[in-house]
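Notes follow the structure.
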Amino acid sequence: MAIPDAVLARLREALGPAGVLTEPGDLASYVEDWTGTHRGSAAAVVRPASTDEVAAVIRLCREAGVAIVPQGGNTGLAGGAVPDGSGNQLVLSLARMRAVRDVDPVADTMTVEAGVVLAEAQRVAAEAGRLFPLSLGSEGSCTVGGNVATNAGGTAVLRYGMMRDLVLGLEVVLPDGRVWNGLRGVRKDNTGYDLKQLFVGSEGTLGIVTAAVLRLFPATPRRATAWVALPSVDAAVAMLGVLRELAGAHLSTWELVSRQGLDLVLEHLPATRDPFADPHPWYGLVELGAAEVEHGLDDVLEAVLGEAVEHELVADAVVAGSPAQRSALWQLREGVSEAQRYAGPGLRHDVTLPIGDLAGFDDEVGPRLDVLLPGIRRVTYGHVGDGNLHYNLSAPAGGADDDSFVARREEISTVVYDAVAARGGSISAEHGLGTVKRDAAASYRDDVENDLMRSVKQALDPDGLMNPGKVLPG
């Protein structure tokens, strides 16, 4: 149903003129994701500036039967923050809720509102001499609320865990307009169900996160970073054992990039260059981090690389000698997703597997895809330490098979997902389900798990107005 004019008038009264957008030009950036892949239509965009205003919007929409699509930085890859094409849904943007409510360096906590950009949260923590370790390629525009809603991961999961591990408490506006204040910063709380974890990763289908208490850590200003050439995925997995043994708690990052992924970065992103004269099938980015008072980090990295070369796990390596060189190496890894956008039609698979199965998965799926569509490009990169591969695919070079690639997307994804499921993995590691993986995820879950998820949704959102069509099939 369209939003009645009377409801829009009440929303303007509650939020003020800046809080409600209805002109098509003003709505454009809210109804399409950053990749241009997912787009819809909205009756209006509301921009509350406080938790009370969010609650007022929820109550008005529930009374009128209007569906709500919560949105943070709109940087998702699964269509989870984009409205459908009906033009009847309301986009609720948290962009104006950008207050840092508290920073406590003694308790190692920080309380921020949902619209705080991740890079800003990192900066505020650094100013207090602490570290908020979540790090993503989109950190300059994604928001804490979106990070919570999708249970974001990133490049430091190996050391610090997912967003689920970094959240101590939440403030959530429920589908009936009530506010649950769970902003507790304690590490131990055995007073009942851990309700905050119900909302982490729920993609706004159970309620709207308006603020979060985040875990902080000691700062690690000392960094030792290297880009290494690898003969195989097996070598990357074996290298993880060396890193854990010799680097221990200093290990922050162990990333993997395929040659095809690097080729796209070198081709499409200016000011990037291959650190090595000769090509290699795989590459790794390793980073160690330590406190200012700790010394010898470069020696630890040198020992790691020496051991890896001796066991023929690494064919070549280059160590960053300055912050600029470190940034250049990171661009080779973080630029893969952006570079793929310039390579024609693409298909993104964010999967996770038991770490020991990474090589076997690639060895099995790669040849199957080559038979299905000869010349298909496997733009693979990911986080070796947590078994997460971004098994992205691009159409064969030249454009002749673009239509065939697009027409067979579901068939291609099924090859990937079947192999993941057979190994006890997950078809969504850190990007969420949205609409893209909603149906596939349901098909790989058993009946009990699907029933439990539907029961939770029904209990909290019986009217089905919170981000409908996302996460669970209708």
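The values are calculated or read from the model by the stated rules, or taken from the named source; none is laboratory data. These numbers come from a predicted model, not from an experiment. Please note: Cβ atoms are built from the backbone with ideal geometry, for glycine as well, and neighbour counts cover all protein chains shown.
Quick one: would you say Ala429 is outside any loop (DSSP other than H, G, I, E, B) and of a type in the set (A, V, I, L, M, F, W, C)? First the steps, then the outcome.
Values: outside any loop (DSSP other than H, G, I, E, B): no; of a type in the set (A, V, I, L, M, F, W, C): yes.
Taking the combined requirement at face value, the residue does not satisfy it.
May I ask you to list the residues in segment 177-196 that are part of a loop (DSSP other than H, G, I, E, B) and loosely packed, with under 15 Cβ neighbours inside 10 Å? Please lay out each step first, then the result.
Within segment 177-196, the subset part of a loop (DSSP other than H, G, I, E, B) is 177-178, 183-195.
Of everything in segment 177-196, those that are part of a loop (DSSP other than H, G, I, E, B) and loosely packed, with under 15 Cβ neighbours inside 10 Å turn out to be Arg178, Arg184, Val186, Arg187, Lys188, Asp189, Asn190, Thr191, Gly192, Tyr193, Asp194, Leu195.
Please determine, by comparing only the residues of segment 256-311 that are of a type in the set (Val, Ile, Thr) and part of a loop (DSSP other than H, G, I, E, B), which one is surrounded by the fewest Cβ atoms within 10 Å (Cβ to Cβ).
Start the filter on segment 256-311 by keeping residues that are of a type in the set (Val, Ile, Thr), which leaves 257, 265, 272, 286, 293, 300, 304, 309.
From what's left, part of a loop (DSSP other than H, G, I, E, B): 272, 293.
On the way: Thr272: 15, Val293: 6.
The extreme case among them is Val293.
Among the residues of segment 198-251, how many are surrounded by fewer than 21 Cβ atoms within 10 Å (Cβ to Cβ) and acidic (Asp, Glu)?
Number satisfying all stated conditions: 2.
Residue check: is Val406 part of a helix (DSSP H, G or I), farther than 19 Å from Gly153 by Cβ, free of Cβ contacts under 8 Å to residues at least 60 places away in the same chain and aliphatic (A, V, I, L, M)? Steps first, answer last, please.
Working: part of a helix (DSSP H, G or I): yes; farther than 19 Å from Gly153 by Cβ: yes; free of Cβ contacts under 8 Å to residues at least 60 places away in the same chain: no; aliphatic (A, V, I, L, M): yes.
Here the answer is no, as Val406 does not meet what is asked.
Among the residues of segment 143-156, are any at pLDDT below 95 and assigned to a strand (DSSP E or B)?
Looking for residues that are at pLDDT below 95 and assigned to a strand (DSSP E or B), one finds at least one in segment 143-156, hence yes.
In segment 99-126, which residues are over 23 Å from Ile208 (Cβ atoms) and touching a residue at least 24 places away in the same chain (Cβ under 8 Å)? Steps first, answer last, please.
The initial filter retains those residues of segment 99-126 that are over 23 Å from Ile208 (Cβ atoms), namely 103-108, 122-123, 125-126.
Correct list: Val103, Asp104, Pro105, Ala107, Asp108, Ala125, Ala126.
Among Ala55, Ala107, which is the only one that is surrounded by fewer than 23 Cβ atoms within 10 Å (Cβ to Cβ), over 24 Å from the mean Cα position of the chain (by Cα) and either of a type in the set (S, T, N, Q) or assigned to a loop (DSSP other than H, G, I, E, B) (or both)? Show your work before the answer.
Working: Ala55 fails: either of a type in the set (S, T, N, Q) or assigned to a loop (DSSP other than H, G, I, E, B) (or both).
Ala107 is the lone residue from the list that is surrounded by fewer than 23 Cβ atoms within 10 Å (Cβ to Cβ), over 24 Å from the mean Cα position of the chain (by Cα) and either of a type in the set (S, T, N, Q) or assigned to a loop (DSSP other than H, G, I, E, B) (or both).
Do we find a residue being farther than 30 Å from Leu297 by Cβ and over 25 Å from the mean Cα position of the chain (by Cα) anywhere in segment 215-224? Please lay out each step first, then the result.
Restricting attention to segment 215-224, the residues satisfying the condition of being farther than 30 Å from Leu297 by Cβ are none.
No; the residues of segment 215-224 include none that is farther than 30 Å from Leu297 by Cβ and over 25 Å from the mean Cα position of the chain (by Cα).
Scan segment 76-90 for residues that are buried (at least 24 other Cβ atoms within 10 Å of the Cβ) and closer than 24 Å to Glu53 by Cα and jot them down.
Gly80, Ala81, Val82, Pro83, Gln89, Leu90
If we scan segment 337-348, do we find a residue that is within 24 Å of Gly137 (Cβ to Cβ) and in a strand (DSSP E or B)?
First, pick out the residues of segment 337-348 that are within 24 Å of Gly137 (Cβ to Cβ): 337-348.
Add one more test, that the residue is in a strand (DSSP E or B), and what stays is 346-347.
Within segment 337-348, one or more residues are within 24 Å of Gly137 (Cβ to Cβ) and in a strand (DSSP E or B).
Show the residue pairs meeting these rules: Cβ distance below 8 Å; 6+ apart or different chains; first residue within segment 193-209 and closer than 19 Å to Gly79 by Cβ; second residue crowded, with 21+ Cβ neighbours inside 10 Å and of a type in the set (Lys, Arg).
Correct list of pairs: Glu203/Lys470; Gly204/Lys470; Thr205/Lys470.
Would you call Val31 under 26 Å from Val179 (Cα atoms) and buried (at least 19 other Cβ atoms within 10 Å of the Cβ)? Steps first, please.
Details: under 26 Å from Val179 (Cα atoms): no; buried (at least 19 other Cβ atoms within 10 Å of the Cβ): yes.
When the stated conditions are applied, Val31 does not pass them.
Go through Thr210, Thr220 for me and flag whichever is touching a strand residue (DSSP E or B) at 6+ places or on another chain (Cβ under 9 Å), part of a strand (DSSP E or B), over 20 Å from Asp362 (Cβ atoms) and of a type in the set (S, T, N, Q). Step through it out loud before you land on a result.
Values: Thr220 fails: part of a strand (DSSP E or B).
Going through Thr210, Thr220 in turn, just one is touching a strand residue (DSSP E or B) at 6+ places or on another chain (Cβ under 9 Å), part of a strand (DSSP E or B), over 20 Å from Asp362 (Cβ atoms) and of a type in the set (S, T, N, Q): Thr210.
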